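Here the structure is laid out as structure tokens; the discussion comes afterwards.
Each reported figure results from applying straightforward, stated rules to the coordinates on display, with no laboratory input. Worth saying up front: this structure is predicted, and the values here are computed from it rather than measured. Cβ: placed from backbone, ideal geometry, glycine included. Neighbour counts: every protein chain shown.
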Amino acid sequence: MDGAPMLIQIDEDPKLKEECGVAAVYNHPDAARQVYLSLYALQHRGQESAGIATADGTNLSNIKGMGLVADIFTEDVLAKLKGDQAIGHTRYSTTGDSALLNAQPIRVESTKGMIAIAHNGNLINLGNIRARLERAGAFFQTTSDSEIIVQLIAHSKENTLVDAIADSLSQVDGAFSIVMMTRDRIFAARDPRGFRPLSMGRIENPDGPDTIVFASETCAFDLLRAKYVRDVEPGELVMVSKDGVTSRRFSSGVPQSSCIFEQVYFARPDSRIYNRWVQESREEMGRQLARESGVDADLVVPVPDSGVTAAIGYAAESGIPFRFGLIRNHYVGRTFIEPEQRVRDFGVKLKLNPVRNLLEGKRIILIDDSIIRGTTSRKIVRMVRAAGAKEVHMRISCPPTTSPCYYGVDTPSKRELIAANQSVAEIERFIEADSLAYLSLDGLKHACDGGEGNQYCVACYTGQYPTPVIDVDEILPATAAR
């Protein structure tokens, strides 16, 4: 209707997208609710869809839906999920379409029995394997790469399920932290390079065997009152059954390449991943950034929420006061009624608003974790300057992102990454900052030092990938796995 407000879609957050989160619980009378709480803590790792599968020794149930965990799993829905073991998944799609059929856990009936799987990561050799399985008669229910693993298990010539799982995992390449479930067992595994985190915890039970839990991040254990035990090691398959917890190696001798961007942005600050607290790493990134590229200023202001922890470290090291000069609206959806008079940079203004009395007349250091395309950073710099800031200096707590990721991060193509095509000086002019500086790669590694073997994948900053072969024609960065 003429003159009526128009519903428009605003650009989504330009940050690199979280991959997915997985969780598993064995031996708990209300396993579904425990996994629900775990997924609630892991919601930041994917907001597209979620699912929970449960088993009671005889039956295996599975409920999935599109949307947020709390919206899908009401009390009535959780009541339908019976059993003392469960696995769950919260998804951001990077391989496979954004549709309910690709929501996880994926459940498959095979000659090895009923199996459910939840996967965080991205397989880089799925094209050849899928074609081989289809020639062998495999019928795929989804377009997700996660189903490849289940189909490999179903078609394995190994006699036992454990051997079939180990055999299957040894055939796939790329990033995978997975939890699997049969009617009476839970499995957890991590790829040989340890790209993605996966931890094991324990809930003590004075009246019987303890409850064993797994999660992508340890922040999930806090809601369950579970104690962190250890990380699942790269190349390890952990099995939990009535006989207890056992483990075996399905691969060894591969250099570790844990994703350093988990420390920079993806993981929650209250999580411990790769045997290192994320909060500690991020504060040290800010401290190191201040050592490398300090500038005279009046205030350190984070771009919320991603720049907050590094900004705390920067302020502590530099002695410049920390202030929340930008306020984030956490209740913004994807569509909005457009105002009658067009507002410049409408989407960013809906999400962020400057505190004018803090910024006016001040020299501001803006701290953020990354610059991807540069357009949002420019809008934020303009916003701070329009609020009266005398100078605006942008500082980034990681090196320039110059290459796409193929291991479970939804990264734009190289032509869309501003740092792949422009120098730091050119980016500085583009975002209209008085100065721009990134944390050096050595500085980032130093900030994350002391973790799990101190061996990280930094391909997004160097273009040097840890896997020998990546078919970039088949695996597009914008649609690469979880």
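Potential lengthening of the chain between E426 and N205 amounts to 73.6 nm, from the contour at 0.36 nm per residue minus the alpha-carbon distance.
The range 33-63 and the range 409-466 have Cα centres separated by 34 Å.
Any chance you could list P(r) for the chain, counting all Cα-Cα pairs in 20 angstrom bins from zero, rounded to whole %? For the chain, the pair-distance distribution reads 24, 53, 22, 1. Other residues within the sphere of radius under 15 Å centred on the Cβ of L439, judged by their own Cβ, net out at -3 (K and R +1, D and E -1). Rounded to the nearest 5, the antiparallel percentage of DSSP beta bridges internal to the range 282-449 is 15%. A simple spin-label model places pseudo-atoms 7 Å from Cα toward Cβ; at D76 and S251 they are separated by 4.4 nm. Length available on full extension from R132 to L441: 0.36 nm per residue minus the Cα-Cα distance, which gives 107.2 nm. Quick note on the range 204-272: its Rg to Rh ratio, both from C-alpha atoms and Rh being the Kirkwood radius, is 1.02. A run of the chain free of exposed loop cleavage sites, with chymotrypsin sites (Phe, Trp or Tyr not before Pro) counted only in DSSP states other than H, G, I, E and B and at most 16 other beta carbons within 10 Å, reaches its longest extent at 141-323. Near the amide H of C398, within less than 5 Å, lie the amide hydrogens of L439, all on another chain or at least 5 residues away, with H placed in the peptide plane. When both the range 201-216 and the range 175-194 are represented by their alpha-carbon centers, they are found 17 Å apart. The length gained by stretching the chain between R382 and R183 to full extension, at 0.36 nm per residue less their Cα-Cα distance, is 66.0 nm. Measuring against 23 Å, Cα to Cα, the residue pairs K362/K445; K349/K390; K390/K414; K64/K351 contain K362/K445; K390/K414; K64/K351 as the ones spanning a longer distance. Remark on C457: its backbone amide H falls under 5 Å from those of S258, C259, I260, a criterion applied only to residues 5 or more positions apart or on other chains, H modelled at 1.01 Å from N.
Exposed loop sites are taken as GluC sites (Glu not before Pro) in a DSSP loop (any state but H, G, I, E or B) with at most 16 other beta carbon atoms within 10 Å; the longest stretch of the chain without one runs 13-157.
The HN-Hα couplings worked out from phi for the range 365-371 by the Karplus form 6.51 cos²θ - 1.76 cosθ + 1.60 (θ = phi - 60°) are 9, 8, 10, 9, 8, 6, 10 Hz, whole numbers, x standing for Gly and Pro. Over the range 20-257, one equal point on each Cα, no solvent: what is log10 I(q)/I(0) by the Debye formula at q = 0.14 Å⁻¹? These q points yield log10 I(q)/I(0) values of -0.81.
Select from S423, A433, C398 the residue farthest towards the positive end of the dipole of the chain; place +1 on Cβ of Lys and Arg, -1 on Cβ of Asp and Glu, and compute about the Cα centre. Sorting the options by dipole projection puts first A433. Note on the range 282-449: Cα Rg divided by 2.2 N^0.38 Å, N the number of residues, gives 1.03. Restricting the range 191-256 to trypsin sites (Lys or Arg not before Pro) that sit in a DSSP loop and have at most 14 other Cβ atoms within 10 Å of their own Cβ leaves R225, K242.
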